[in-house]
Structure formats: C-alpha cells, structure tokens
Amino acid sequence: MASNKSRKKALKERYIFGVFDIESHKQVINVNFSLINLILGGMGLLLVLITCVVLVFIYTPLRELIPGYPNAKTREVMMNNALRADSLEKVIHLWEIHLVNLQRVLADEDPLTPEEILPKDQFSGIPEFTVGGRSKEDSLLRAQTEQREQEYQENIQGRNIQIEGLHFFPPVKGIVTSEFSPADNHYAIDIVAPENSVIYAVLDGTVSFASWTEEFGYVLQIQHENNLLSIYKHCSQLFKTTGDPVTAGSAVAVIGRDGTYSTGYHLHFELWHKGIPLDPADYINF
C-alpha cells in the first residue's frame, strides 16, 4: 500500500529543467514538469507521429508499398475481370433461357413468354406484336436486308472477275459450319477443324497484315495478284509476319479459338476482290 502511494507521489512530484548561460550563469530556459506530464506528453507526441504516418500512407502513392495492397494496374485488371464476369453471367442466363425454350418445344409446350423472362420494368418497353402479322420494325429490317443483298449481287455482276482460272489451295481441312451470307453481314465462311490444325495460304502472295486483335485473335492477311485478298481469323499462332512472301499451300498459321467472336476452334476465312467480298465456296472445294 505504501509503495503504491510512493509511486503516485513520485509521478506527481515536480521537477525543474533549466538551461544556463555558461559565461554569465544566467538561467535562459526554465521548465517545470512532473513525470506524469512527461509520460502523457510523450504518448501524445507518439500518437501524432503515428497519425501522420497513417495519413501519408493512405493519401499518397506510398500505400502501394503496403504488402497485399493492389496497385493501379492490379485494380484495373480486377475491374476488367468484374466486367467480364458480369457479361459472362448474362450470356449464361441467355443460354439457360434458350435451353428451357428448346426443352419446351421438344415437349410440345409453348416457349417462355417475355413476361416470364424479363422483369416487369423492362417488359413495359417491348412493342406488342399481332399474331400472324409483322411489326413495322420487322418489315423495315427485311426491306433493308433485301436491298443489301440486291446491291451486293449487282456489284458482283457488274464487275469483270477473271479469277475462275486460278487454282485455290484449301486453307484448312474441316467442316463448313457457317456459309457466306451478305444479308447477315457475314462476308466469310467458318470452317471447324481439330485443335492444332495447320492453315495454308490459298494462293501465292505477300503478307500485308499479321497481328493480334481483341475480337478475332491472331489475324493474317495475304495480298495476291489480280487484286485478290485472303484473310484468316481466329488463329492461335502465326508462322508469317508482315512483308513475308508466301506460296500456295504453304503453312501460315495454326487454327485457334481466340477472340471475343469465337466459340470454338475454327477458321473465319474471307476472300476479297477489289474491295468486294466473294463467296470462297465458289472458288475453293472445302
């Protein structure tokens, strides 16, 4: 008990800190303090220092030095991954709806109605369709498609395309899954082939473009004589670079499934003549 009282008394005892001039012995600084004041002052100073350090790390780029804290590039990657995950979730939802409707049709049942698929706040914006008739938007789309097809046929017939005598080498051995269709803005044919299948040049020429794209993966473009241009998309690997000469039947790439517009291993092959897309099936036996 006595020791506790003596400790409290020692903490409250006051001391004098003085600074004297060495020549005149005159007191310059005189500070009165106690041990408890000294301890509290030291703790307050330490708290201020800690607060300043924390604020510096929070509001300056130094926070990236903290282990586990993501830097700007990591945060950008995380944001992009979150957006991609959201897009994939929507695609999966659409496929689920498609599967349910397919099962209903096979079971001789009516498919899901828009009221069952969309929320009420979105369904209110869908135009009504009369059974057995066409909406104004559908008729307009059909007219535009027919006009586009007619214009394409006129352009093809109005040009003197003298390439029938050329021998085209098949770019890849596979199955044509999507044919040439200008009405659907599909100016190519899609050929499905096994993984690691080699892609060949259809004619002699020079590589005019060879690079990676977000939509089509690796893309190779070859310029041929007679103003012919062949394009190979969704490649996983390229054997040629821009400016390289190629011969018909030589290996130029490997089939792939890269790109946002790809759903599996296939070659998206385009054939152009003087800026006009041609149907590759008219000149190449696939």
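What list of ³J(HN,Hα) couplings, whole Hz, do you get for the stretch 254-261 from phi and the Karplus terms 6.51, -1.76, 1.60, once you set θ to phi - 60° and write x for glycine and proline?
Those phi angles translate into 10, 5, x, 9, 7, x, 5, 9 Hz.
Using the beta-carbon distance between E214 and E109 and R0 = 45 Å, what value does 1/(1 + (r/R0)^6) give for FRET efficiency, to the nearest 0.05? Don't skip to the answer; put the middle values down first.
Working: r = 41 Å, r/R0 = 0.90.
Efficiency, rounded to the nearest 0.05: 0.65.
Using 0.36 nm per residue, how much length does the chain from D21 to K274 gain when fully extended, once their Cα-Cα distance is taken away?
Gain on extension, D21 to K274, equals 81.2 nm.
Suppose each label sits 7 Å from its Cα in the direction of the beta carbon; what would the I92-N285 distance come out to in nanometres?
Distance between the two pseudo-spin positions: 4.6 nm.
Subtract the Cα-Cα distance of N37 and D184 from 0.36 nm times their separation in residues, and report this length gain in nm to one decimal.
44.5 nm
Only the coordinates and a few stated rules stand behind these numbers; no lab work does. A quick note: this is a predicted structure, and the numbers were derived from the prediction, not measured. Please note: Cβ atoms are built from the backbone with ideal geometry, for glycine as well, and neighbour counts cover all protein chains shown.
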